[in-house]
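Worksheet: the structure to be examined is printed underneath.
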Amino acid sequence: MAVARSSRPVDYYDGKAVSLDIPEAIQRRLSVRSSLTPDSAKLILVMVGLPGRGKSFIAHKLSRFLNWTGYQTEIFNAGQNRRANHSPTNHSRAGFFDPSDAERKAKRESIAMSTFEELLEWLAGGGEIGIFDATNSNPQRRAFLVSRAAEWKGWRSGDASPAAGGAGAGVAGGGGARFGVSIVFIESICTDKSILEANMLSKVRASPDFAGLSEEEALSDLRQRVSHYEASYVPVADEEGAYIKLFDLSSKVTAHQVFGRMTQRVLPYMMSLHISLRPIFLAALPPGYGDASSRGSEAGEDQWATQRLASMGFSQRYPGGESFADLACVLEVLIVAHATPCRALRAYFLGLPVAECMCPASSRAAEALANASRSVVELLPALFGKWSEEIHTLEERGENSEVLSLDDAVFSLEGQVG
Ligand SMILES: Nc1ncnc2c1ncn2[C@@H]1O[C@H](COP(=O)(O)OP(=O)(O)O)[C@@H](O)[C@H]1O
Ligand SMILES: O=P(O)(O)OC[C@H]1O[C@@](CO)(OP(=O)(O)O)[C@@H](O)[C@@H]1O
């Protein structure tokens, strides 16, 4: 019941709904906005940034997230295309990225364009969100991508074709077209020297481009490559269209013209993006736990988890290995839930089909989650924001595993993690 606000005079806000008279200036703004909100059927996310700024990392994270939310998403990486179709000796060293070498520049453009065409083909075949992973570091390249997507005619028969012309900046086939394709630039900017050093190192260790070089040679080659890119890099400007910019690991995020159903999914995810360093443990509750007959509670679930960890030999270290108590010291997330959410989370993190993960026979880990009282699945952060998995079972801990009572386990846990 509303509380009476007796003595206050009637205010401007208290009046009855007054019909809204929208001034012309606002109407003009709104019509620009709706032309940028074509609610496209397809979206292209174009990564932008110097090498070693986390573009591929972000692309992989985004792809997993968007696929999970139900949009068919695929990454198209120009570097992968280059490596698959050109010899590494002439196409991997820093000289290949020299912007003053016209021939090599043309070759790089042609690799990038054929990768982008692959993306368009894939969209034509039913894909929804294509991520174009290259440096896309200058406005000429980006303008070309926008115009190529706007004139693109690769729609399947049955699809409505994108409206010709009228494309707002960064929105191909815009002008209110219901089935247009939108382009949004995702730019990663990082100037923090210590982050960049770490990124360079992880890149030379993982990229096949540097195979056969010592770490020192590889780092020097990558630095030279980056300085070639720096010579022609121009950050995305407002006139170029829609963008999301991440600064120094998303500590600052700016967005421009982020409208439309699909695009608006991307922004909150970009704001919360981070690099995971710690593992996640999935511990499935036994079937029937917490149902109507044995109603569970959060405390009960915690107790159950502790009990299970105890039964698996909480503080026992086998030769060369580590105990659950050791793991608990670095543990960031322990998820204790029924098998179904555990399986769904596993599908999400590993980018696997949910239906497959629901079936215990599909893999050892799926079986482990079904075998609730004897195993825990550990998800470990891997390159490009991906995850690998390890299964810990009671059997693997060996015959000599110490089985503690719940009280002993809690005591042991308190002693070890403070
Ligand atoms: N937003 C970010 N800013 C800076 N570095 C990042 C960001 N996101 C991830 N990284 C780190 O960047 C490193 C290099 O990533 P990578 O995706 O290979 O870069 P790029 O594709 O830009 O060459 C990764 O090891 C990752 O930890
Ligand atoms: O065509 P541009 O935009 O230069 O981008 C493609 C190039 O970007 C690079 C830059 O290092 O990407 P990546 O780091 O993804 O391997 C090269 O591999 C790739 O050839």
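The values are calculated or read from the model by the stated rules, or taken from the named source; none is laboratory data. Computed from a predicted model, the values in this text were never measured in an experiment. We place every Cβ from the backbone using ideal geometry, glycine too, and count neighbours over all the protein chains shown. Calculation scope for accessible area: heavy atoms of the full protein, side chains included, ligands and nucleic acids excluded. Shrake-Rupley method; radii C 1.70, N 1.55, O 1.52, S 1.80 Å.
Considering the range 211-253, and only residues there that are hydroxyl-bearing (Ser, Thr, Tyr) and in a helix (DSSP H, G or I), the residue that is least open to solvent (accessible area, probe 1.4 Å) turns out to be 229.
The helices (runs of 4 or more DSSP H) falling completely within the range 288-403 that include 2 or more residues that are modelled with pLDDT under 85 and either open to solvent by 40 Å² or more (accessible area, probe 1.4 Å) or closer than 30 Å to residue 65 by Cβ (or both) map to 298-311, 324-330. Scan the range 230-249 and give yes if some residue there is modelled with pLDDT under 95, touching a helix residue (DSSP H, G or I) at 6+ places or on another chain (Cβ under 8 Å) and farther than 21 Å from residue 44 by Cα, otherwise no. Yes, because at least one residue in the range 230-249 is modelled with pLDDT under 95, touching a helix residue (DSSP H, G or I) at 6+ places or on another chain (Cβ under 8 Å) and farther than 21 Å from residue 44 by Cα. The numbered conditions (1) within 16 Å of ligand 2 (Cβ to nearest atom); (2) touching a residue at least 60 places away in the same chain (Cβ under 8 Å) are all true for residue 219 except (2). Listed by position, the helices (runs of 4 or more DSSP H) inside the range 57-151 whose residues that are open to solvent by 60 Å² or more (accessible area, probe 1.4 Å) and within 16 Å of ligand 1 (Cβ to nearest atom) number at least 3 form an empty set. Within the range 4-20, work out how many residues are modelled with pLDDT under 75 and of a type in the set (S, T, N, Q). Total satisfying the criteria: 2. Looking across the range 21-53, the residues that are open to solvent by 50 Å² or more (accessible area, probe 1.4 Å) and either part of a strand (DSSP E or B) or modelled with pLDDT of 75 or more (or both) come down to 21, 22, 23, 24, 25, 26, 27, 28, 29, 30, 31.
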